[in-house]
Amino acid sequence: MIQLPGLGTLLMASVKRDLLLAFRNRGDIANPAIFFLSVLVFVPLGISPEAAVLAPIAPGMIWILALLATLLSLDRLFKGDFEDGSLEQMAISGQPLYWLVMVKALVHWLITGLPLTLLAPLLGVMMALPDAGYGPLIASLLLGSGSLSLVGSIGAALTVALRRGGLLLSLIIMPLYVPVLIFGTGAVRNAIEGFAFSGQLAVLGAYFTGALLLAPLAAAGALRIGLNQ
């Protein structure tokens, strides 16, 4: 009798495999960061290098670019596993796809969201972000980027069986990203203007908690639909 691997073994193997593939294809890691950096380099050139002009738009610009950079890599979240049959094997392994989606979202955040968060202080300097905004910017990006990866997994799962699903993925996911963008930007703006920003961070934390519980469930259902097509 063939013994199927346990849940822990399967998840650890998935994490190691995804990280190994990401580092072998370094473009998957570099592209979002390069996009993030390159656009912010050109913003002062195209608008104005004056701090008085850049500072008011810095929180919104950094957050919008973080959102768009995250979208760049979402299309491949499940696509490789779907194309090589690994996703189907995971689905018939007897283990919940919920945890597989959770692991995929974690790896996506490690190679996309975390680097963007670590780059945020440098980008804040480039955009003349006031000193009071750095702490809230990093805190909001830590919470918000996790939500972007989790919610993005739903769109990636819904379009996994489509050959060119990138545009459809963006249309599905962008409305769900709006609250993250609003409260992430709002936290930084409030801090800069001297107001309390804990409320915005609390909302981001609540959104992240909801995404952590519900997004993998929705993505797992979408993956099963894609596999049955």
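The values are calculated or read from the model by the stated rules, or taken from the named source; none is laboratory data. None of the values given here were measured: they were computed from a predicted structure. Cβ placement follows ideal geometry from the backbone for every residue including glycine, while neighbour counts extend to all protein chains displayed. Note: areas computed on protein heavy atoms with side chains; ligands, DNA, RNA excluded. Shrake-Rupley method; radii C 1.70, N 1.55, O 1.52, S 1.80 Å.
Which of the residues that make up segment 134-192 are under 14 Å from Ala211 (Cβ atoms) and among the hydroxyl-bearing types (Ser, Thr, Tyr)? Of everything in segment 134-192, those that are under 14 Å from Ala211 (Cβ atoms) and among the hydroxyl-bearing types (Ser, Thr, Tyr) turn out to be Ser145, Ser147, Ser149, Ser153, Tyr177.
Quick one: how many residues across segment 207-229 are of a type outside the set (Ser, Thr, Tyr) and within 14 Å of Leu141 (Cα to Cα)?
To start, the set of residues in segment 207-229 that are of a type outside the set (Ser, Thr, Tyr) comprises 208, 210-229.
Keeping just the survivors that are within 14 Å of Leu141 (Cα to Cα) gives 208.
Counting residues in segment 207-229 that are of a type outside the set (Ser, Thr, Tyr) and within 14 Å of Leu141 (Cα to Cα) gives 1.
So, of the residues in segment 135-147 that are open to solvent by 40 Å² or more (accessible area, probe 1.4 Å) and touching a residue at least 40 places away in the same chain (Cβ under 8 Å), which turns out to be farthest from the chain's Cα centre (by Cα)? Per the criteria, the residue is Gly135. Scanning segment 148-199 for residues that are open to solvent by 40 Å² or more (accessible area, probe 1.4 Å), farther than 28 Å from Lys104 by Cα and in contact (Cβ under 8 Å) with a residue 40 or more places away in the chain yields Arg189, Ile192, Gly194, Phe197.
Look through Ala128, Ala132 and report the one residue that is in contact (Cβ under 8 Å) with a residue 40 or more places away in the chain and open to solvent by 40 Å² or more (accessible area, probe 1.4 Å). Result: Ala132 is the single residue among Ala128, Ala132 that is in contact (Cβ under 8 Å) with a residue 40 or more places away in the chain and open to solvent by 40 Å² or more (accessible area, probe 1.4 Å). When the residues of segment 1-13 are filtered to those that are among the aliphatic types (A, V, I, L, M) and open to solvent by less than 60 Å² (accessible area, probe 1.4 Å), the one that is modelled with the lowest pLDDT is Leu7. Being over 24 Å from Phe23 (Cβ atoms) and modelled with pLDDT of 85 or more, is that true of even one residue in segment 78-94? Looking through segment 78-94, none of the residues is over 24 Å from Phe23 (Cβ atoms) and modelled with pLDDT of 85 or more.
Among the helices (runs of 4 or more DSSP H) confined to segment 14-89, the ones with at least 3 residues that are surrounded by 13 or more Cβ atoms within 10 Å (Cβ to Cβ), among the hydrophobic types (A, V, I, L, M, F, W, C) and free of Cβ contacts under 8 Å to residues at least 60 places away in the same chain are located at 27-46, 51-74.
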